[in-house]
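The values are calculated or read from the model by the stated rules, or taken from the named source; none is laboratory data. This is a predicted model, so every value here is computed, not measured. Heads up, the Cβs are rebuilt from the backbone with ideal geometry, glycines too, and the neighbour counts pull from every protein chain shown. Surface accessibility is based on the protein's heavy atoms, side chains included, excluding ligands, DNA and RNA. Shrake-Rupley method; radii C 1.70, N 1.55, O 1.52, S 1.80 Å.
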Amino acid sequence: MNWRIRLTWWDKLLLAIMAVGAVLAAVRYAGGIAEVANVNNAYPWGWWVGYGVLTTIALGAVGFTITALVEILGVHRYHTFVRPAVLMGLLCYSSAIIMLMVELGRPWMVWMILVSWAPTSALYEVGWCAFLYINVLALEFVRVPLEQLGWGRALRILQVVYIPIMLLGVTLSHLHQSSLGTLMTLIPHKVNVLWWSDRLPLLFLFSAMMAGPAMAILEHLAAARWLGFAPRTDLLAGLARIEAWLVGLFLAFQMGDLFFRGATDAMLSASWPTASFWVEIGLGLLLSLALLVMPEVRQSQAGLATASSLVLAGVLLYRLNVAVIGLRVRHWETYTPAIAEVGITIGITAAAFFAFGWLARILPIHEELPPPQTRPHPAAQPAGALRGAEGLS
């Protein structure tokens, strides 16, 4: 296995962004959170939790969604998506944990969750499940480098325990994705009536499941373009049909919940949260669903990319609406993410892009490609500059 790659302009750009993010993170740790963030008592979580944790973890659901589809439901025709999905899930969760440690400070104390005991805390359950799940993802993915290294004994051991590990991973994902919604149910006085519901755990779980196939479709299209293999349009069309059902389910559940709670009047009020709500519904759900149900869109690479991007944008806006935009505050209390807040998250995201692109070049992540040792040198592949763009959002 050749661990060396030639850096392209895309790799160098990602490394530059990572360097800026590292400098901003150093400023945060040296001078405190007030040096880089605009969070306040009215908006205590802000961008780092709204995007860095809630949304990044939702995008990481691609791992358990595709794994459950293939390994539990037995739809093995989609097996080609499993390795990229597991790697994307691992990088998304790793990014979310790093972002959380930047926000909370004192990353050297993160291990305390393993010895502290707070079984009645929703956040404690989220932390434990996320910690366990990232280890499960690592165990699932490590089979790929073990195959390349020829470590047969270790690989055989992992093969024996793969099924229980996989089942544990899917279970943990369901638990902590829904528990993120449980956190928001604890503050009904803070979350706008358009989004607060005692069914938030189910809505958060459904939104994460909705993000899974969309992430897999976008990754496959990007990888096909930049790694030079023919996309499996038949499989992508099947995933798009599944995505249409998931988007329709989430839309019906969300609107039904609004009617059940008698919160429909809030949909017609003149306010910024209401405007954000209709952008979320109109673009992220209605338009994406309309595209996904069209056979000609499901057979078009551009159509699939557009519809999947709209779904992910809808998931992003939904999580931000619940955690940041839809918070009920007094009229003089405001919050705008600082440039440094956004810069740190972009730096961490760039690191995930870079890691995905590097691993995709040295390991057989995509089964459509020949083994890495027999591939042309990266410099000989004209589109290789953008390999890092195939994974994370």
The helix 152-185 Cα axis meets the longest alpha-carbon principal axis of the chain at an angle in degrees, between 0 and 90 and rounded to 10, of 20 degrees
Log entry: pair-distance distribution for region 8-148, C-alpha pairs binned every 5 Å from zero, whole % per bin is 2, 8, 14, 17, 18, 17, 12, 7, 4, 2, 0
Whole-Hz Karplus couplings 3J(HN,Hα) for region 245-250, θ = phi - 60° and coefficients 6.51, -1.76, 1.60, Gly and Pro as x, run 5, 5, 5, x, 4, 5
To the nearest 10 degrees, the tilt of helix 339-362 (Cα long axis) against the first principal axis of the alpha carbons of the chain is 20 degrees
Kirkwood-based Rg/Rh on the Cα set of region 94-182 evaluates to 1.05
Two pseudo-spin positions, 7 Å from Cα along C-beta at Val27 and at Arg77, lie apart in nanometres by 5.2 nm
With every protein chain in place, the accessible area of Asp234 for a 1.4 Å probe, in Å² rounded to the nearest 10, comes to 80 Å²
In vacuo Debye sum over C-alpha of the chain, base-10 log of normalised intensity I(q)/I(0) at q = 0.09 Å⁻¹, listed in q order, is -0.54
Phi-derived 3J(HN,Hα) across region 190-196 with the Karplus relation (6.51, -1.76, 1.60, θ = phi - 60°), rounded Hz, x for Gly and Pro, is 9, 8, 4, 4, 5, 10, 6
Inter-part gap, Cα centre of region 134-178 to Cα centre of region 209-279, in whole angstrom, is 28 Å
Taking placed amide H atoms and a strict 5 Å upper bound, the residues 5 or more places from Val191 or on another chain that come that close are Arg328
Note to self: C-alpha centroids of region 324-356 and region 35-99 sit apart, in Å, by 16 Å
If one builds a Gaussian network model of the chain from Cα atoms under 10 Å apart, the most fluctuating residue listed among Gly256, Gly343, Gly127 is Gly256
Relative contact order of the chain (C-alpha contacts under 8 Å, at least 6 apart) in percent is 31 percent
tail above 19 Å in the computed P(r) of region 32-85, as % of all Cα-Cα pairs, reads 50 percent
Chymotrypsin sites (Phe, Trp or Tyr not before Pro) in region 169-276 lying in a DSSP loop, each with at most 15 other Cβ atoms within 10 Å of its Cβ, come to Phe229
Whole-Hz Karplus couplings 3J(HN,Hα) for region 128-137, θ = phi - 60° and coefficients 6.51, -1.76, 1.60, Gly and Pro as x, run 5, 5, 5, 4, 5, 5, 5, 5, 5, 4
Computed from the beta carbon distance with a Förster radius of 51 Å, FRET efficiency for Trp108 and Gln159 to the nearest 0.05 stands at 0.90
Carbon and sulfur atoms account, in whole percent of the 1.4 Å probe accessible area of region 9-366, for 71 percent
Taking a probe of 1.4 Å and leaving out DNA, RNA and ligands, region 198-352 shows per residue an accessible area in Å² of 41 Å²
